[in-house]
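Colleague: This is the structure, below, for whatever I ask next.
Nothing in this text is a laboratory measurement; each read-out follows from the coordinates by a stated rule. For clarity, every value in this text was computed on a predicted model and none was experimentally measured. Glycine gets a Cβ as well: all are built from the backbone with ideal geometry, and neighbour counts include every protein chain shown.
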Amino acid sequence: MIRIGIDVGGTNTDAVIMDGPRVIAGVKSATTADVMSGVVNALKAVLAESGMAASAVDVVMVGTTHFTNAVVQRRDLAPTAAVRLGLPATASLPPMVDWPEDLRASIGNHVYLAHGGNEFDGRIISPLDEAELLGIADDIRQKGINTVAISSVFSPVSNECEKKAGEIFAKALPGAHITLSSEIGRIGLLERENAAIMNACLRDLSTHVIEAFRTAIAEAGVKGRFFLTQNDGTLMDAAFAEKFPVLTFASGPTNSMRGAAFLSGVADAIVVDIGGTTSDVGSLQKGFPRQATVAVEVGGVRTNFRMPDVFSIGLGGGSHVVETEKGVKVGPTSVGYRIVTEALVFGGQTLTTTDVAVAAGRIKLGDATRVAHLPADLVSRTETRIMEMLEDCVERSRLSPEPLPVIVVGGGSILVNGPIGGLEVIKPNHFAVANAVGAAIAQVSGEVDRVYALAEMGRDKALDDAKQRAVEAAVAAGALRESVEIVDVEDVPLAYLPGNATRVRIKAVGELHVG
Amino acid sequence: MSDKGYILKEADLLPLSIGAALLGTGGGGNPYVGMLRMRELVRKGAEVRVIPAESLADDAWVCEVGGIGAPVVGIEKIEEGGECYRAMRAVEEAAGVKVSAMISAEIGGSNSLEPIIAAALAGLPVVDGDGMGRAFPEVQMTTFFIYGAKAAPAAIADDKGNVVVFKEVIDMFWLERFARTVSVDMGAAAGLAIAPMRADFVRRTAVPGTVTQALNIGRSVLDARTRRQNVVQRVVAEAGGKLFFTGKITDVRRELTGGFARGHAILSGVDAWAGSEARIAIQNENLVLWVDGVPAIMVPDLIVNLELDTGEPITTEVLRYGQRVAVIGLPAHDLLKTPAALEIVGPRAFGYPELTFVPLDGRPIAA
């Protein structure tokens, strides 16, 4: 199978072509303001470098920060109605109550509370009231809103209320985009509801963006299927991604960590991804990034997505190097994408970490004579400072005293020489485009998060039921059934609840089913 | 009404919730939802005054309220809002008295905000103090009950309008049992109000000043973050505590016994404690800290785990392998360390009969 992986970042659009497990070619090109022409450029460049025909490509996997940036920058967001089912419970906190004012204003602050919802054990809080929902639908129509997010209390336990309400709205508001919270998030009403509303307000944009990606791929002559990567490093097909754009959040760090694992062949390691301005450091367990356990904010909104637990520092290939009274200071300020004009070796006037790497003879880049005047002492103290910074964040990400290797990837990897904090450093081939490799090798997953009463069905039976649901979810998402494996099982007993109530989370992952 | 004390402002709510989470000693539920609920009320004009118990007349009535349920339900089925308020009105009626102020059963965790919210709805002040000075898992574990508060009448209210009044209950242990059972039927999220207490009794038995203490701890945390100071050191200084260990969690074991999540966390020392090992017993809250096998802090003294880098309090349910933790100890109030109190909230009451309580500061307890 011939695959192309593309990572659209803020500065660079990277692309790789892979034949099975082999990387045939990889290129970095500049991200363009319209994004799409950058994707076409990257596709054409990587095809040219590989010498392959566009028609030979079976699938294209795209990782993008487009939707995250839309929320962060509050642009292209659709007016959205947030409808919550749960009255009389939850009346004290309406939807979007903890959103930043400007983001709430940008999608209109249209919130509705209605009856419905479930208790933790599946009982009904109050029956769904069709007349009430039709009244809300009327109001939504009169406001000219075409996007609806529906959340319901304990919908991860029973999604009946959300489904019924969704049908009522679909009928009353033909053509409206409807997002159900149970399709997206986990237990934690505000966070799940936030994710559903963000997803809903991105639906107009996602239709447009997915179509643009499709056009870009067609323009490059590629006829294969097209997928997007989501925050857990797995794939969704274009039609699914169009419905659930919020799932692309944080796919960037995940892709680079997965790519690092793949390129190095090491499944347990610390990964350091050094870009132009920052370095992301995370921990790789069995080939997957370790997940953060605390609530993660996107654009100022709390969500409970499973994001990789990544620690960032202001160190990159474009970081400023400044001599101060307390010694040499590296970053956090950076010339960023302007490195190609502002760094000394490229004819600019700013001393950057890349200039120091060139002066130290670590790499040949630009005009080395322009850094020949740098004192050897400054060069060596800067290199020491860089290694100290890396050592500190690697130490933070270390989970055990065992000597794990450190995989270094990203365009700024030239800054690293020798071991970090006594740990072996691996710089795999194609390290600069590890994130695009991570996109290209992405698998397909399915996840469940439910509360079971173990007194009724027993732990083994409950886990079996949850595993079965996870496998079905993975197959529904496009995994080859024979290849699906359970990769994560977590059962947490819930204090104070009867019947040994236990929250079970299971994730299944499989190979992409092509054809 | 008194002009003593101070009115809680919107800007106080975040630090209050941070301090309350920290005093939760790993349990008590997340105060985030309660903080948002109170913020909504303040934005709509509600005013709650925090008053010292001294400012109340001896014969004024004070009502203790708190949420009862399961922490996981608290983050999913958010309150209707009037649960504790309705329970309070029900005990008022059952006891035939008029309540003048509310007080928290438990300053640690989500129950720090419940009486403040009920006070906002009732237009009453809230007493600066509580019945624990921290968080504990059960209803009977308050200084009020330890020192003789009546268990009845009590009332429990849900989101739907159901209010159940316990007219006669022979002691606080029966109240815990009945209230717990009813709360589960109510969807494991309910408001509980306990028989009004006279202000002179509250003055003698409440852990004093804990609302202000939580507020000040939270302010120190936020201030330290803004100034990029060491949060752990600031908290230790503000709360009069001591740093007992810094380490990485190398193992967390959990099991469910009798409705409670019990377990242990094992820490391998870093910095000043490199080469040492610590163990923390947990049951909803952190109960006992051993350093190299020697008990160093015991319940009811407060064991607080803070994330080493950010100073963020870590609750017991999110403790996990690899976290870098500072373990700090804060002395419990003397009211929690008398023989009568240790019967209810000492190591033995939590299943450690082999441990004899030794205060973390080694200070003898005033009679």
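Colleague: Report the full-extension gain for the segment residue A:396 to residue A:380: residue separation times 0.36 nm, less the Cα-Cα distance, to one decimal in nm.
Modeller: Answer, rounded to one decimal: 3.3 nm.
Colleague: Could you compute the FRET efficiency for residue B:44 and residue A:1, with r as their C-beta to C-beta distance and R0 at 60 Å, rounded to 0.05?
Modeller: Working from the Cβ atoms, E equals 0.50.
Colleague: Given the convex hull of the Cα atoms of region B:233-350, what is a quarter of its surface area in nm²?
Modeller: The orientation-averaged projected area of the Cα hull of region B:233-350 comes to 7.4 nm².
Colleague: For residue A:461, give me every one of the lysines with a C-alpha distance below 17 angstrom, ignoring sequence neighbours fewer than eight places off in its own chain.
Modeller: Those lysines meeting the cut-off are A:507.
Colleague: Need one number: convex hull volume per residue for region A:278-327, Cα atoms only, in Å³.
Modeller: Dividing the Cα hull volume of region A:278-327 by its residue count gives 145 Å³.
Colleague: I'd like the per residue volume of the convex hull spanned by the Cα atoms of region B:104-250, given in cubic angstrom.
Modeller: 168
Colleague: Looking at the calculated P(r) for region B:37-123, what percent of the C-alpha pair distances fall above 20 Å?
Modeller: 35
Colleague: Would you mind counting up the charge near residue A:90? Only other residues with Cβ under 10 Å from its Cβ, with Lys and Arg at +1 and Asp and Glu at -1.
Modeller: Within the 10 Å Cβ shell, the charges total -3.
Colleague: Report, in deg cm²/dmol and to the nearest 500, the calculated mean residue ellipticity at 222 nm for chain A, where each DSSP H run with n ≥ 4 adds -39500 (n - 2.57) and the sum is divided by the residue count.
Modeller: Only helices count here, giving -10000 deg cm²/dmol.
Colleague: Between residue A:476 and residue A:56, what is the label-point separation in nm under the 7 Å Cα-to-beta-carbon projection?
Modeller: Using points 7 Å along Cα→Cβ, the separation is 3.8 nm.
Colleague: Mean separation of Cα pairs under 8 Å and 6+ residues apart, divided by the residue count of chain A: what relative contact order is that in percent?
Modeller: Relative contact order comes out at 14 percent.
Colleague: Let me ask you something else. Just for the Cα atoms in region A:133-254, what are the lengths along the principal axes, largest first, rounded to whole Å?
Modeller: Ordered largest first, region A:133-254 gives principal extents of 49, 31, 19 Å.
Colleague: I'd like the mean, over residues of A:86-96, of how many other protein chain beta carbons sit within 10 Å of each residue's own Cβ.
Modeller: 6
Colleague: To the nearest 10 degrees, how steeply does helix A:459-476 sit against the main Cα axis of chain A, on a 0 to 90 scale?
Modeller: Value to nearest ten degrees: 70.
Colleague: Follow-up question, since we're still on this one. According to the Kirkwood expression over distinct Cα-Cα pairs, how big is the hydrodynamic radius of region B:166-230, in Å?
Modeller: Result for region B:166-230 stands at 15.6 Å.
Colleague: Compute the distribution of all C-alpha to C-alpha distances in region A:1-56, in bins of 10 Å from 0, and list the percent of pairs in each, rounded to whole numbers.
Modeller: The distribution over region A:1-56 is 28, 53, 19, 1, given as percents.
Colleague: Excluding residues on the same chain fewer than 8 positions from residue A:364, give the lysines whose Cα lies under 23 Å from its Cα.
Modeller: Candidates past the 8-residue exclusion: A:28, A:427.
Colleague: How big is the Kirkwood radius of chain A, worked out from every pair of different alpha carbons and given in Å to one decimal?
Modeller: Kirkwood radius, chain A: 24.4 Å.
Colleague: Something else about it: Cα-based Rg of the protein assembly as shown per 2.2 N^0.38 Å, rounded to two decimals?
Modeller: 1.00
Colleague: Let me ask you something else. Based only on the alpha carbon positions, what is the Kirkwood hydrodynamic radius of region A:48-204, in angstrom?
Modeller: 16.6
Colleague: Work out Dmax and Rg for region A:217-291 from the C-alpha atoms and quote the Rg first, both in angstrom.
Modeller: 14.3, 39
Colleague: Restricting attention to region A:19-86, which trypsin sites (Lys or Arg not before Pro) occupy a DSSP loop and are surrounded by at most 13 other Cβ atoms within 10 Å?
Modeller: A:75
Colleague: Build a GNM of chain B with springs between Cα atoms under 10 Å: which of B:73, B:182, B:139 gets the top mean-square fluctuation?
Modeller: It is B:73.
Colleague: Over region B:57-149, what relative contact order in percent results from Cα pairs under 8 Å that are six or more residues apart?
Modeller: Taking the mean separation of contacting Cα pairs over the length of region B:57-149, I get 30 percent.
Colleague: Near residue B:248, which lysines are there with a Cα under 24 Å away, not counting those fewer than 8 places off in the same chain?
Modeller: A:286
Colleague: Take the eigenvalues of the Cα gyration tensor for region A:290-416, scale each by 5, and report the square roots as semi-axes in whole Å, largest first.
Modeller: One finds semi-axes of 31, 18, 13 Å for region A:290-416.
Colleague: Stokes-Einstein at 25 °C, 0.890 mPa s, Kirkwood radius from Cα pairs: D for region B:93-152 in µm² s⁻¹?
Modeller: Answer from the Stokes-Einstein relation: 200 µm²/s.
Colleague: Give me D for region A:336-490 in µm² s⁻¹, whole number, from Stokes-Einstein with Rh from the Kirkwood sum over alpha-carbon pairs, 37 °C and 0.692 mPa s.
Modeller: Once the numbers are plugged in, D ends up at 165 µm²/s.
Colleague: Between residue A:311 and residue A:33, what FRET efficiency follows from the Cβ-Cβ distance if R0 is 30 Å, with the result rounded to 0.05?
Modeller: Calculated value: 0.50.
Colleague: Using only Cα atoms, tell me the angle between helix B:10-23 and the longest principal axis of chain B; keep it within 0 to 90° and round to the nearest 10.
Modeller: 60
Colleague: Moving on. Compute the relative contact order of region A:357-479 as a whole-number percentage, counting only Cα pairs closer than 8 Å that sit 6 or more residues apart in sequence.
Modeller: About 18 percent, as a whole number.
Colleague: Hey, how much of the P(r) for region A:42-85 falls beyond 16 Å, as a percent of Cα pairs?
Modeller: Of the Cα pairs, 63 percent sit more than 16 Å apart.
Colleague: Quick check: net charge around residue A:7, other residues with Cβ under 15 Å of its Cβ, Lys/Arg +1 and Asp/Glu -1?
Modeller: Value of the local net charge: 0.
Colleague: For a quick size check, give me the Cα extents of chain B along its three principal axes, largest first, whole Å.
Modeller: Reported extents, whole Å, longest axis first: 61, 44, 43.
Colleague: Taking the Cα centre of region A:351-479 as origin and charging only Cβ (+1 Lys, Arg; -1 Asp, Glu), how large is the dipole, in debye to the nearest 20?
Modeller: Dipole of region A:351-479, to the nearest 20 debye: 300 debye.
Colleague: Right, next: For region B:1-151, list log₁₀ I(q)/I(0) at each q in 0.19 Å⁻¹, using the Debye formula over Cα point scatterers of equal strength and ignoring solvent, two decimals each.
Modeller: The calculated log intensity ratios at q = 0.19 Å⁻¹ are -1.23.
Colleague: Could you state, as a whole-number percent, how many of the C-alpha pairs of region A:146-205 are farther apart than 14 Å?
Modeller: I get 49 percent for the Cα pairs in region A:146-205 exceeding 14 Å.
Colleague: Continuing with this model, one more query. Principal axis lengths of region B:1-57 from Cα atoms, whole Å, largest first?
Modeller: Largest first, region B:1-57 extends 35, 27, 15 Å along its Cα principal axes.
Colleague: Which pairs, out of B:44/B:337; B:9/B:160; B:9/B:77; A:143/A:243; A:164/A:223, put more than 32 Å between their alpha-carbon atoms?
Modeller: Where the Cα-Cα span goes over 32 Å, the pairs concerned are B:44/B:337; A:164/A:223.
Colleague: So, in nm, how far is label residue A:109 from label residue A:338 when the simple model puts each one 7 Å beyond its Cα toward the Cβ?
Modeller: In this crude label model, residue A:109 to residue A:338 measures out at 3.8 nm.
Colleague: Could you give the alpha-carbon Rg of region B:177-294 over 2.2 N^0.38 Å, rounded to two decimals?
Modeller: Compared with the compact-globule rule of thumb, region B:177-294 sits at 1.44.
Colleague: Give me the angle, in degrees from 0 to 90, between the Cα long axis of helix B:210-226 and the longest principal axis of the Cα atoms of chain B, rounded to the nearest 10.
Modeller: 50
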